[in-house]
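Colleague: Here you go, one structure.
The values are calculated or read from the model by the stated rules, or taken from the named source; none is laboratory data. Computed from a prediction, not measured in an experiment: that's the story for all the values here. Cβ placement follows ideal geometry from the backbone for every residue including glycine, while neighbour counts extend to all protein chains displayed.
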Amino acid sequence: MVKLLRFRDLKDRGVVDSWAQLRRLIDHCEFPTGRMLSPNQRTWDEQEIDDWYATRPVKGPEPRGAAKRNRTRKADSSTASTTS
């Protein structure tokens, strides 16, 4: 049997926090669009969500710019304090 999830179920699972975030996931991250059960009720098949989640990367991209510089400084300072 198919289990249908509503927006609040996606929110409870930690998939989204807002409708705007959901729209970005649909537009940019290949998130399933779901199905309209009525004019104001959109649902998603639980299996669709699980399949989408399984395709998400485990590791994020390497930091860039200031985040990378700050990360390097922290590594340098922790190495210096342990070698002293």
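Colleague: Would you mention how many residues in the range 27-39 are farther than 26 Å from M1 by Cβ and assigned to a loop (DSSP other than H, G, I, E, B)?
Modeller: Selection size over the range 27-39: 1.
Colleague: While we're here: Filter the range 40-62 down to the residues that are outside any loop (DSSP other than H, G, I, E, B) and of a type in the set (A, V, I, L, M, F, W, C) and list them by number.
Modeller: Hits for the range 40-62 are W44, I49, W52, A54.
Residues checked against (1) among the hydroxyl-bearing types (S, T, Y); (2) in contact (Cβ under 8 Å) with a residue 40 or more places away in the chain; (3) surrounded by 11 or more Cβ atoms within 10 Å (Cβ to Cβ):
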site: H28; (1), (2), (3): no, no, no
site: R35; (1), (2), (3): no, no, yes
site: E46; (1), (2), (3): no, yes, yes
site: D51; (1), (2), (3): no, no, yes
site: A54; (1), (2), (3): no, no, no
site: K59; (1), (2), (3): no, no, no
site: E62; (1), (2), (3): no, no, no
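Colleague: Only one of R42, R24 is surrounded by 11 or more Cβ atoms within 10 Å (Cβ to Cβ), at pLDDT 85 or above and over 22 Å from V2 (Cβ atoms). Can you tell me which?
Modeller: R24
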